[in-house]
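In what follows, a structure is listed as structure tokens, so that the remarks can point back to it.
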Amino acid sequence: MTTTIGVLVMSYGTPESMDQVEAYYTHIRRGHPPTEEQLQELTERYEAIVGGVFPLRANTDNQVAALQETLNRMNQDKDKKYVCYQGLKHARPFIEDGVAQMAEDGIKEAVGIVLAPHYSVMSVGSYIKRAEAKAEECGVRMKFVSSYHLHPKLIEAFANKVSSKLDLFEEAGAERSKVKVLFSAHSLPEKILAMGDPYQDQLLETSAAIAEKTGVVSWQFTWQSAGRTAEPWLGPDILDTLRSLSQEQVEDVLVAPIGFVSDHLEVLYDLDIEAKTVAKELDIRLERIDSLNTDPLYMETLSDVILMAKE
Ligand code: FEC
């Protein structure tokens, strides 16, 4: 008899339409509604990226569909079949909805994974905590993948994206070794360091592994998309890093947002619009690697760690 294993694929989530931006933002702020000004500012960022469309939704749908196909193709245990369910952090279907749906479909065993390779107690840790609580309530036995930041296929996927953009710099006349590669990820409050959180170390490990695979020597890590709160966030922020690089006479920069796996607001606005505007003012040519989205090597990375997940 074939056993169906549920896979809870967790991702950040995005509004479905402009009239949901306020509810989404309120959820991110743990139930505190944004001010008029904050709401207006976020709405304008969404409008700027692709005219009020929310690319993360279709991208997550596509990743989940591609993952289910790849998982069942890679699975050698023919007594098991894998079915993927979505669970979003800040929008419908919420993480709890995904777990409840699995239980309703009679699933007894499941694996949870987040579409973000690096673990922080404030990011992946909080997805897992919510899924665990709901799974216990619904009687679903769950295992979790907490990070996969050094999986060889993930490194290969990112390395391919870096190399192909470096080729373009070269074709445009730049000296390959002079292009500064900036690996970036979403900043978090500085307090995570005192908590011994692995987030920063894992990001540096991913960066070093990609640099080694691509033969890139001129690289550094920088943060992006810090929250607009009074507490200190991890830095330097990419905009400050660009200003420093300009003072060092760097002219060509390739940004590789390795903390993200999809095209969405933090990539399409924070890098493609905001960082590019600053780079232009500084006379720096700034390019970005393509996002992984449904890259087969990324789908194989996820499938591999799901198939090997242990209690
Ligand atoms: O395209 C989209 O609609 C969503 C893009 C999006 C992604 C994303 C990923 C991460 N975040 C992480 C941490 C934080 C912390 C706060 C925070 C706030 C926001 C806001 C928006 C937003 N985030 Fe996000 N994040 C995305 C979007 N994020 C919009 C609210 C406005 C703003 O601050 O810009 C601060 C919350 C608070 O106030 O307490 C912290 C981390 C990731 C990467 C890992 C993951 O995907 O889960 C970490 C995509």
Two decimals is fine: what is log10 I(q)/I(0) at q = 0.20, 0.21, 0.25 Å⁻¹ for segment 109-207, from a Debye sum with one equal scatterer on every Cα and no solvent? -1.03, -1.08, -1.25
So for segment 152-288: antiparallel DSSP bridges make up what percent, rounded to the nearest 5? 5 percent
Just how far, in whole angstrom, is segment 261-310 from segment 92-143 if you go by their alpha carbon centroids? 24 Å
At a Förster distance of 25 Å, what's the computed FRET efficiency of ARG243 paired with LYS178, Cβ-Cβ distance as r, to 0.05? 0.85
Just read off the accessible area of LYS180 with the full protein assembly in place, 1.4 Å probe, to the nearest 10 Å². 30 Å²
Heavy atoms only, probe 1.4 Å: what % of the accessible area of segment 119-239 goes to carbon and sulfur, would you let me know? 52 percent
Beta bridges per DSSP with both ends in the chain, % antiparallel, nearest 5: 5 percent
Find the centroid of the Cα atoms in segment 1-45 and in segment 195-237, then give the distance between the two in whole Å. 25 Å
Checking GLY98, GLY112, GLY31 against a Gaussian network model of the chain (alpha-carbon springs below 10 Å), the top fluctuating residue turns out to be GLY31
Using distinct alpha-carbon pairs, which all enter the 1/r mean, Kirkwood radius of the chain in Å: 20.4 Å
Once amide H atoms are built 1.01 Å from N in the peptide plane, which residues 5 or more positions from SER120, or in another chain, come under 5 Å H to H? GLY125
Any chance you could get the radius of gyration and Dmax over the Cα atoms of segment 152-288, in Å? 14.6, 46
Determine ³J(HN,Hα), in whole Hz, for all residues of segment 157-173 in sequence, where each value follows from phi through the Karplus function 6.51 cos²θ - 1.76 cosθ + 1.60 and θ = phi - 60°; x replaces Gly and Pro. 4, 5, 4, 4, 5, 5, 4, 5, 6, 5, 4, 5, 4, 5, 4, 7, x
Rounded accessible area per residue of segment 152-288, 1.4 Å, Å²: 46 Å²
Can you run phi through the Karplus equation (6.51, -1.76, 1.60; θ = phi - 60°) for segment 206-214 and list ³J(HN,Hα) in whole Hz, with x for Gly and Pro? 4, 4, 4, 5, 5, 4, 5, 5, 9
Using a Förster radius of 25 Å, what is the FRET efficiency between ALA23 and LEU193 based on their Cβ-Cβ separation? Nearest 0.05, please. 0.20
Sorted by mean Cβ packing within 10 Å, highest first, what order do the peptides 187-198, 84-95, 206-217, 252-263 take? 252-263, 84-95, 206-217, 187-198
Here the gain from full extension of LYS143 to LYS108, 0.36 nm per residue of separation minus their alpha-carbon distance, amounts to 11.4 nm
Please sort 17-25, 119-127 by packing, taking for each peptide the average over its residues of neighbouring beta carbons within 10 angstrom, highest first. 119-127, 17-25
Based on the mean of other Cβ atoms within 10 Å per residue, sort peptides 132-141, 70-79 so the most packed one is first. 132-141, 70-79
Pop a pseudo-label 7 angstrom from the Cα along the beta-carbon direction at both ASP201 and GLU69 and give the gap in nm to one decimal. 3.9 nm
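The values are calculated or read from the model by the stated rules, or taken from the named source; none is laboratory data. A quick note: this is a predicted structure, and the numbers were derived from the prediction, not measured. Positions of Cβ are backbone-derived with ideal geometry, glycine not excepted, and every protein chain shown enters the neighbour counts. Ligands, DNA and RNA are stripped out before the accessible areas are found, and what is left, the full protein with its side chains, is counted by its heavy atoms. Shrake-Rupley method; radii C 1.70, N 1.55, O 1.52, S 1.80 Å.
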